[in-house]
1. Among the strands (runs of 3 or more DSSP E) confined wholly to segment 1-86, which include 2 or more residues that are at pLDDT 90 or above?
2. Run Gly111 past the list (1) open to solvent by less than 20 Å² (accessible area, probe 1.4 Å); (2) assigned to a strand (DSSP E or B); (3) not assigned by the TED database to the domain that holds Glu34 and report the number of the one that doesn't hold.
3. Check whether at least one residue in segment 313-320 is open to solvent by 50 Å² or more (accessible area, probe 1.4 Å) and at pLDDT 95 or above, and report yes or no.
4. Within segment 336-344, identify whether any single residue is in the same structural domain as Glu263 (by the TED database), closer than 20 Å to Ala251 by Cβ and at pLDDT 95 or above, and answer yes or no.
5. Kindly evaluate Leu173 against the criterion of being crowded, with 18+ Cβ neighbours inside 10 Å, touching a residue at least 24 places away in the same chain (Cβ under 8 Å), in contact with a His (Cβ under 6 Å, 6 or more places away or on another chain) and not in a loop (DSSP other than H, G, I, E, B).
6. For Phe212, state whether it is in the same structural domain as Gly341 (by the TED database), over 20 Å from Cys340 (Cβ atoms) and under 20 Å from the mean Cα position of the chain (by Cα).
7. Can you name the residue in segment 213-256 that is loosely packed, with under 15 Cβ neighbours inside 10 Å and in contact with a helix residue (DSSP H, G or I) (Cβ under 6 Å, 6 or more places away or on another chain) and, of all such residues, is nearest to Gly314 (Cα to Cα)?
Amino acid sequence: MAEAAVEEEPVVMVREYDDVRDRGGVEEVERECEVGSSGGGGEMCLFTDLLGDPLCRIRNSPDFLMLVAETATGDGGAEVIGLVRGCVKSVVSGGSHSKDPIYTKVAYILGLRVSPNHRRKGVGRMLVERMEQWFRQKGAEYSYMATEQDNEASVRLFTSRCGYTKFRTPSLLVHPVFRHALKPSRRASIVRLEPRDAERLYRWHFAAVEFFPADIDAVLTNALSLGTFLAIPAGSRWDGDVEAFLAAPPASWAVLSVWNCMEAFRLEVRGAPRLMRAAAGATRLVDRAAPWLRIPSIPNLFAPFGLYFLYGLGGAGTDAPRLVRALCRHAHNMARHGGCGVVATEVAALEPVRAGVPHWERLGAEDLWCIKRLADGYSHGPLGDWTKAEPGRSIFVDPREF
């Protein structure tokens, strides 16, 4: 009796993304993964529209790469079955005894996708390992990634198969944008800083904060950065001189910057029950008819919507959380004027000003950052192995890769 033929697994090739050749295939994999994340059973899922630019989440980084995995098809063509994005930059990894920042070249891996029909075949690991080769070529000493804490498949891939360790657990805080404007705080004065002044303030305040980018000037002057805002107690003196402020800051102050993600991508909640959609619409109807009541309304998250991301949150003094709240109200009104559905930020678990960030818990998420050491040695003696360092109170989340 003849033996049954054993079907061979198709050969998978990983290569650099080509916009002309691969855009359609990449968009198809993205769609499959968004639908697949809901289990295909009519559950709600968050769909991301990259507005026709698969590189939008990395193209503002100083050095970036996108890889695709493909297999041959029966008609002699090729099919994209997976993709991954990565970028490399220098960030603060700690501070020396003299309080000078220690900069380390790190890589960030994001947007790993594998078509549901090709999972559990090593494609994801192949993409990660190939991306890490590029990271090493660029001189990166560490690689890190971010996912939700309850994404067991992603955590298992990186920690069990790719050699990453659990590192930090920041929280994503999200607040809806209401139809009505929020009243400015009477107890705070808000001033807009010029990019050069904002850079000076940030380098002073975030000198030892993990992941603070060395090229913060490029972030602040990017067209998607809508401004940096400083809040001080009402009645405090401000003459526009940031050097004078740094020399003698008020007892309490707070700062944040606003990034326009709406121009890079849009989000959409899909699969929501009709009753939920109707209830959300009713809150908007009441808010529109009677804005003076200032009833919290749920924006239309069931159609494509944009978001503003708040980055560089910081401050000092006992009233810093209150001043951050005033800044968040200001950012909310900016987002309302810009047509956004939500404002969001990401902060460390021990962030001192976290209590001042208004948010709806059901819209947010608890994230997990995992890290891996790529280099054989260490760039700076006092730091040692960063993967074993204790978390600081704050963390800087770069809006370019959000």
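1. Here the list reads 12-16, 63-72.
2. (3)
3. Yes, segment 313-320 has at least one match.
4. no
5. Judged against the criteria, Leu173 is a match.
6. Numbers: in the same structural domain as Gly341 (by the TED database): yes; over 20 Å from Cys340 (Cβ atoms): yes; under 20 Å from the mean Cα position of the chain (by Cα): yes.
It is true that Phe212 is in the same structural domain as Gly341 (by the TED database), over 20 Å from Cys340 (Cβ atoms) and under 20 Å from the mean Cα position of the chain (by Cα).
7. Leu246
For (1) free of Cβ contacts under 8 Å to residues at least 12 places away in the same chain; (2) in a loop (DSSP other than H, G, I, E, B), each residue gets a yes or a no:
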position: Ile298; (1), (2): no, yes
position: Leu301; (1), (2): no, yes
position: Pro321; (1), (2): no, no
position: Asn333; (1), (2): no, no
position: His337; (1), (2): yes, no
position: Asp367; (1), (2): no, no
position: Cys370; (1), (2): no, no
position: Ala375; (1), (2): no, yes
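The values are calculated or read from the model by the stated rules, or taken from the named source; none is laboratory data. Just so we're clear, the structure is a prediction, and the values are computed from it rather than from any experiment. Neighbour counts run over all protein chains shown; Cβ positions are idealised from the backbone, glycine included. Surface accessibility is based on the protein's heavy atoms, side chains included, excluding ligands, DNA and RNA. Shrake-Rupley method; radii C 1.70, N 1.55, O 1.52, S 1.80 Å.
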